[in-house]
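A quick write-up on the structure given underneath.
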Amino acid sequence: MAILNLTLEKEVDREEVNEYIRQISINSSLQGQIGYTNSTEVVSSDFIGSRTAGVFDAQATITSGNRLTAYVWYDNEVGYSCQVLRIAEQMCGVSYPKAPAETNA
(Lines give C-alpha, C1' and ligand atoms only; values in the text may rest on other atoms or scores of the structure.)
Protein backbone atom coordinates (compact mmCIF):
# COMPACT_ATOMS: atom_id res chain seq x y z
CA MET A 1 0.00 0.00 0.00
CA ALA A 2 1.11 3.52 -0.77
CA ILE A 3 -0.06 6.41 1.40
CA LEU A 4 0.03 9.76 -0.38
CA ASN A 5 0.03 12.94 1.73
CA LEU A 6 -0.51 15.80 -0.70
CA THR A 7 -0.80 19.57 -0.45
CA LEU A 8 -3.03 20.82 -3.27
CA GLU A 9 -3.39 24.26 -4.85
CA LYS A 10 -7.01 24.60 -3.73
CA GLU A 11 -9.32 23.26 -1.06
CA VAL A 12 -11.12 20.03 -1.90
CA ASP A 13 -13.62 17.78 -0.22
CA ARG A 14 -13.62 14.00 0.03
CA GLU A 15 -16.53 13.43 -2.36
CA GLU A 16 -14.98 15.69 -5.01
CA VAL A 17 -11.66 13.81 -4.90
CA ASN A 18 -13.30 10.38 -4.89
CA GLU A 19 -15.55 11.20 -7.85
CA TYR A 20 -12.64 12.67 -9.82
CA ILE A 21 -10.51 9.54 -9.33
CA ARG A 22 -13.49 7.27 -10.07
CA GLN A 23 -14.09 9.05 -13.38
CA ILE A 24 -10.39 8.89 -14.31
CA SER A 25 -10.32 5.16 -13.52
CA ILE A 26 -13.21 4.37 -15.88
CA ASN A 27 -13.34 7.16 -18.48
CA SER A 28 -9.78 8.07 -19.43
CA SER A 29 -6.68 6.76 -21.11
CA LEU A 30 -5.50 5.78 -17.61
CA GLN A 31 -8.36 3.30 -17.08
CA GLY A 32 -5.99 0.34 -17.32
CA GLN A 33 -3.57 1.87 -14.86
CA ILE A 34 -5.73 3.34 -12.11
CA GLY A 35 -8.24 1.16 -10.30
CA TYR A 36 -10.90 2.33 -7.85
CA THR A 37 -12.66 0.71 -4.92
CA ASN A 38 -15.31 2.04 -2.57
CA SER A 39 -15.55 -1.11 -0.47
CA THR A 40 -15.23 -0.97 3.31
CA GLU A 41 -13.99 -4.55 3.43
CA VAL A 42 -10.80 -4.63 1.31
CA VAL A 43 -7.57 -6.28 2.39
CA SER A 44 -4.22 -6.59 0.64
CA SER A 45 -4.95 -10.09 -0.67
CA ASP A 46 -7.88 -8.65 -2.68
CA PHE A 47 -5.37 -7.01 -5.02
CA ILE A 48 -3.09 -9.96 -5.75
CA GLY A 49 -2.97 -10.27 -9.53
CA SER A 50 -4.27 -6.74 -10.16
CA ARG A 51 -3.02 -5.52 -13.54
CA THR A 52 -3.32 -1.84 -12.61
CA ALA A 53 -0.50 0.27 -11.24
CA GLY A 54 -2.65 0.95 -8.19
CA VAL A 55 -6.19 0.81 -6.83
CA PHE A 56 -7.43 4.00 -5.16
CA ASP A 57 -9.23 3.27 -1.86
CA ALA A 58 -12.10 5.78 -1.73
CA GLN A 59 -13.15 4.80 1.80
CA ALA A 60 -9.74 5.84 3.14
CA THR A 61 -9.68 9.33 1.56
CA ILE A 62 -9.02 12.10 4.07
CA THR A 63 -9.25 15.80 3.20
CA SER A 64 -8.71 18.93 5.26
CA GLY A 65 -8.68 22.21 3.38
CA ASN A 66 -6.04 21.83 0.69
CA ARG A 67 -4.54 18.68 2.25
CA LEU A 68 -5.30 15.22 0.91
CA THR A 69 -4.34 11.80 2.22
CA ALA A 70 -4.98 9.02 -0.29
CA TYR A 71 -4.43 5.28 0.09
CA VAL A 72 -3.51 3.24 -2.98
CA TRP A 73 -3.31 -0.55 -3.01
CA TYR A 74 -1.00 -2.27 -5.49
CA ASP A 75 0.37 -5.67 -6.47
CA ASN A 76 4.13 -5.32 -6.69
CA GLU A 77 4.48 -8.38 -8.93
CA VAL A 78 1.73 -8.63 -11.56
CA GLY A 79 0.85 -4.93 -11.44
CA TYR A 80 4.48 -3.91 -11.76
CA SER A 81 5.07 -6.36 -14.63
CA CYS A 82 2.04 -5.00 -16.47
CA GLN A 83 3.37 -1.44 -16.12
CA VAL A 84 6.78 -2.48 -17.51
CA LEU A 85 5.01 -4.13 -20.46
CA ARG A 86 2.86 -1.01 -21.08
CA ILE A 87 5.97 1.19 -21.12
CA ALA A 88 7.81 -1.19 -23.48
CA GLU A 89 4.80 -1.26 -25.83
CA GLN A 90 4.65 2.54 -25.78
CA MET A 91 8.38 2.88 -26.45
CA CYS A 92 8.14 0.46 -29.39
CA GLY A 93 4.98 2.01 -30.80
CA VAL A 94 2.96 -1.17 -30.31
CA SER A 95 -0.78 -0.68 -29.90
CA TYR A 96 -3.23 -3.55 -29.50
CA PRO A 97 -7.00 -3.08 -29.91
CA LYS A 98 -8.82 -2.92 -26.57
CA ALA A 99 -12.37 -3.93 -25.76
CA PRO A 100 -14.16 -1.86 -24.77
CA ALA A 101 -12.33 0.91 -26.59
CA GLU A 102 -10.55 3.42 -24.36
CA THR A 103 -11.71 7.02 -24.38
CA ASN A 104 -9.27 9.89 -24.07
CA ALA A 105 -10.46 12.32 -21.43
Filter result for Phe56 (over 30 Å from Lys10 (Cα atoms), among the hydrophobic types (A, V, I, L, M, F, W, C) and in contact with a helix residue (DSSP H, G or I) (Cβ under 9 Å, 6 or more places away or on another chain)): no
Output for the stretch 57-96, where each listed residue is buried (at least 16 other Cβ atoms within 10 Å of the Cβ), among the hydrophobic types (A, V, I, L, M, F, W, C) and at pLDDT 90 or above: Ala58, Ala60, Leu68, Ala70, Val72, Trp73
Failed item in (1) assigned to a loop (DSSP other than H, G, I, E, B); (2) surrounded by 15 or more Cβ atoms within 10 Å (Cβ to Cβ); (3) not acidic (Asp, Glu), with Gly49 passing the rest: (2)
The stretch 25-41 - residue that is free of Cβ contacts under 8 Å to residues at least 60 places away in the same chain and not polar (S, T, N, Q) and, of those, surrounded by the fewest Cβ atoms within 10 Å (Cβ to Cβ): Glu41
Pairs where the first residue, in the stretch 66-93, is assigned to a helix (DSSP H, G or I) and the second is among the basic types (Lys, Arg), C-beta under 7 Å, 6+ apart: Val78/Arg51; Gly79/Arg51; Cys82/Arg51
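The values are calculated or read from the model by the stated rules, or taken from the named source; none is laboratory data. Just so it is clear, the structure is predicted and the values come from calculations on it, not from any experiment. No Cβ is skipped: glycine too gets one built from the backbone with ideal geometry, and neighbour counts run over all protein chains shown.
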